[in-house]
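One structure below.
The values are calculated or read from the model by the stated rules, or taken from the named source; none is laboratory data. All figures in this text were calculated on a predicted structure; none of them were measured in a lab. Backbone-built Cβ (ideal geometry, glycine too); neighbour counts: all protein chains shown.
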Amino acid sequence: MNDGFLIAPSILSADFANLQREVEAVEKAGADWIHVDVMDGHFVPNLTIGAPVVKCLRPVTPLPLDVHLMIEEPERYIEDFARAGSDYLTIHVESTNQVESTLRGIRDLGVKPGITLRPSTEVEALEAFLPLVDLVLIMTVNPGFGGQKFMADQVKKITWVRNKLTELGSSALIEVDGGVTEETAKELRQADVLVAGSFVFGASGSYGSAIEKLKQAKFEN
């Protein structure tokens, strides 16, 4: 992509008391997507937002809403999140024994399906599902909390997924989430989309400056 990475600020790091203002601010600052982390307190130890917040965000921004479902049995909730206005719905390969039917169900609801995995899961677990998705999310931290340290040993999964997508002739995007900064982004050149929470919303300068630094990191040595 000639314009560098697509940047998806994660609202997990935003000021929830002023969520509309925060989303509008990163949109104005050059964000490409809005990333929404959904946690159920079971699949991961934290508990966050649900479909009603996605529904409230939908009229606030025209940007794609990139919803990461860190929840058990996501098949029970995909219709709610689709109706709420999600553009992408990403599920974990470990979260259900109905991965294929859930991905097909997401597409049937008019939403782009995504697949992801925990860092401890072998990347080969994704292979059977790559033909079914528009997005592959590689986690470079353990899911469940913001502000964790980047796990460099996960970068090799990006290369594996890129090669498999090329073999398939797939146009699915590769997204990376976890510990993304201006420096770690330089290791992620084979990815298309970067999720950034604290690097954007916790920036000492402007949101626009932080986003531009991430976009341009694709071209830096």
Selected residue (criterion: farthest from G179 (Cα to Cα)) from residues of the stretch 196-208 that are of a type in the set (S, T, Y) and touching a residue at least 60 places away in the same chain (Cβ under 8 Å): S206
G147 modelled with pLDDT under 95, in contact with a helix residue (DSSP H, G or I) (Cβ under 7 Å, 6 or more places away or on another chain) and farther than 24 Å from S86 by Cβ: yes
Residue in the stretch 16-36 that is among the basic types (K, R) and within 20 Å of G208 (Cα to Cα) present: yes
Of all residues in the stretch 114-139 being more than 14 Å from E94 (Cβ to Cβ) and touching a Phe, Trp or Tyr at 6+ places or on another chain (Cβ under 8 Å), the one that is surrounded by the most Cβ atoms within 10 Å (Cβ to Cβ): G114
Positions within the stretch 72-103 being of a type in the set (A, V, I, L, M, F, W, C) and either surrounded by fewer than 23 Cβ atoms within 10 Å (Cβ to Cβ) or assigned to a helix (DSSP H, G or I) (or both), in sequence order: I78, F81, A82, A84, V93, V99, L103
Selection from the stretch 1-54 of residues that are in a helix (DSSP H, G or I), within 24 Å of G205 (Cβ to Cβ) and of a type in the set (G, A, S): S13, A17, A25
Positions within the stretch 63-83 being more than 22 Å from G144 (Cβ to Cβ), touching a helix residue (DSSP H, G or I) at 6+ places or on another chain (Cβ under 8 Å) and not charged (D, E, K, R), in sequence order: L63, A82
Every residue from the stretch 37-48 that is out of contact with any helix residue (DSSP H, G or I) (no Cβ under 6 Å at 6 or more places or on another chain) and touching a residue at least 24 places away in the same chain (Cβ under 8 Å): V38, M39, D40, H42, F43, V44, P45, N46, T48
Residue that is surrounded by the fewest Cβ atoms within 10 Å (Cβ to Cβ) [pool: residues in the stretch 1-32 that are among the hydrophobic types (A, V, I, L, M, F, W, C), under 17 Å from M139 (Cα atoms) and at pLDDT 95 or above]: L6
Subset of the stretch 174-201 (residues that are out of contact with any helix residue (DSSP H, G or I) (no Cβ under 6 Å at 6 or more places or on another chain) and more than 19 Å from N142 (Cβ to Cβ)): E183, D192, V193
